[in-house]
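The values are calculated or read from the model by the stated rules, or taken from the named source; none is laboratory data. Everything numeric here is computed off the predicted structure, so don't read it as measured data. Don't worry about glycine lacking a Cβ; one is built from the backbone with ideal geometry, like all the others, and counts go over all protein chains shown.
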Amino acid sequence: MPTALITGITGQDGAYLAQLLLGNGYRVLGLLRRSASSDIIGERLRWLGILDHIELLDGDMGDLGSLVRIIEKHRPDEVYNLAAQSFVASSWQQPLLTGMVTGLGAVNVLEAVRLAAPRARFYQASSSEMFGRIQAAQQNERTPFYPRSPYAAAKLYAHWMTVNYRESFSLHASSGILFNHESPLRGIEFVTRKITDGVARIRLGLARELCLGNLEAKRDWGHARDYVRAMWLMLQQKAPGDYVVATGRSTSVGEFCRIAFAHAGLDHREFVRVDPALFRPAEVDALKGDAAKARQVLGWAPEVGLEALAAEMVEADLARHRARQKTG
Ligand code: NDP
Ligand code: GDP
């Protein structure tokens, strides 16, 4: 039975990846940082019904010793580094923490793998945010990077360190340059989930409006379940590499609003308000990925389209709020 270690297992992708790996017959270990709110830890894993099938191990991205000890003891075959301070907007408020967790944290994991399990296969969660102020209308593995936030700069450092560990130490280290991917398990601070939660509240009479920032920004949104499949496929390849993972369709925040509100029978123009305070110091105006390499080499293709994704998210948020209303 192969063993996989996932950092960031309590996040959106960690939960879906754990579910995929369990289904593929893996023993799944997850890094868990200590929290005073231990009663709500693992909410996403519980939602997927897999919490009891995972071994959670005490450690932190900032603590190299904990990472070395875990990897030394369990000798995983595959290590997926998904942990990060992952919210772009927060990265301007906490640039140093973002650099430490999202940037240096990745190097801690790479070091731990190099020291304790150099034959393990390593996955780094790189991001389309690294393209930032885009240098090509559609971005692929050869497009130059231009990060536009402390988050993107930290991810770019981690990305290049992954490439360097591959080239310097012959680690089987791959990097997935993933475009935005969403699901009912997406953090509520991200725009798609904020919108679908807002739609559910308005539909159920719990709110009257939804305040958003820049409605013109465009993203290439896919479903997280599709994207974790690409991560796994990267580590099944004989040779490591870097892959863009995207749908190739770019949609504005305003258009996502239209789709999500329409799913609940509402007209978004009646409810969405623009709050200039929610605009960012520097914006990534538009992203659109070209996943031709992932399609050709990994045989990967997204299965869920944007309308189905929005519908699934709205339905899940309606169900959550209805359940809360019932329990008072
Ligand atoms: P989430 O924000 O949902 O999850 C982040 C995870 O990192 C959580 O499990 C969190 O733990 C953990 N974490 C944060 N800080 C630490 C720390 N100091 N020590 C240990 N664990 C820590 O992110 P997603 O699941 O959406 O994304 C997964 C990865 O992919 C991230 O690296 C993200 O930046 C990247 N990415 C995501 C994209 C997307 O669209 N979702 C696009 C491209 C890249 P806790 O639960 O305790 O907070
Ligand atoms: P990101 O691409 O990782 O930054 O993902 P987000 O979901 O946080 O943001 C996507 C885009 O939505 C960005 O261009 C934001 O400026 C834009 N946006 C507009 N209004 C909001 C909002 O209220 N919250 C968030 N998170 N983003 C918003």
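For the stretch 54-96, how many residues meet the condition of being part of a strand (DSSP E or B) and over 22 Å from Glu182 (Cβ atoms)?
Just the residues of the stretch 54-96 that are part of a strand (DSSP E or B), to begin with: 55-58, 78-81.
Narrowing further to those that are over 22 Å from Glu182 (Cβ atoms): 55-58, 78-79.
Count: 6.
Of everything in the stretch 188-198, what is near ligand 2 (Cβ under 9 Å from one of its atoms) and in a loop (DSSP other than H, G, I, E, B)? Give them in sequence order. Talk me through it step by step, then tell me what you get.
Filtering the stretch 188-198 down to residues near ligand 2 (Cβ under 9 Å from one of its atoms) leaves 189-195.
The answer is Glu189, Phe190.
Quick check on my filter: what residues within the stretch 185-202 are of a type outside the set (A, V, I, L, M), over 30 Å from Pro240 (Cβ atoms) and crowded, with 20+ Cβ neighbours inside 10 Å? Lay out the reasoning, then the answer.
Of the stretch 185-202, the ones of a type outside the set (A, V, I, L, M) are 186-187, 189-190, 192-194, 196-198, 201.
Those still in the list that are over 30 Å from Pro240 (Cβ atoms) too: 189, 192-194, 196-198, 201.
Result: Thr192, Arg193, Thr196, Asp197, Gly198.
Suppose we keep only residues that are part of a loop (DSSP other than H, G, I, E, B) and without any contact (Cβ under 8 Å) to a residue 12 or more places away in the chain within the stretch 1-53. Which one would you say is nearest to Ile71 (Cα to Cα)?
Ser35
Among what's in the stretch 68-83 and is under 21 Å from the mean Cα position of the chain (by Cα) and not small (Gly, Ala, Ser), pick the residue that is nearest to Met161 (Cα to Cα). Quick ask: steps written out before the conclusion?
Going through the stretch 68-83, the residues under 21 Å from the mean Cα position of the chain (by Cα) turn out to be 78-83.
Restricting the remaining residues to those that are not small (Gly, Ala, Ser) gives 78-82.
Details: Glu78: 18, Val79: 16, Tyr80: 15, Asn81: 13, Leu82: 15 Å.
Among those that are under 21 Å from the mean Cα position of the chain (by Cα) and not small (Gly, Ala, Ser), it is Asn81.
Collect the residues in the stretch 90-120 that are in contact with an Asp or Glu (Cβ under 9 Å, 6 or more places away or on another chain), more than 20 Å from Ile9 (Cβ to Cβ) and within 12 Å of ligand 1 (Cβ to nearest atom), keeping them in residue-number order.
Selection gives Ser90 alone.
Go through the residues of the stretch 221-243 one by one and say whether even a single one is in contact with a Leu (Cβ under 8 Å, 6 or more places away or on another chain), under 20 Å from Arg148 (Cβ atoms), at pLDDT 95 or above and surrounded by 17 or more Cβ atoms within 10 Å (Cβ to Cβ).
Looking through the stretch 221-243, at least one residue is in contact with a Leu (Cβ under 8 Å, 6 or more places away or on another chain), under 20 Å from Arg148 (Cβ atoms), at pLDDT 95 or above and surrounded by 17 or more Cβ atoms within 10 Å (Cβ to Cβ).
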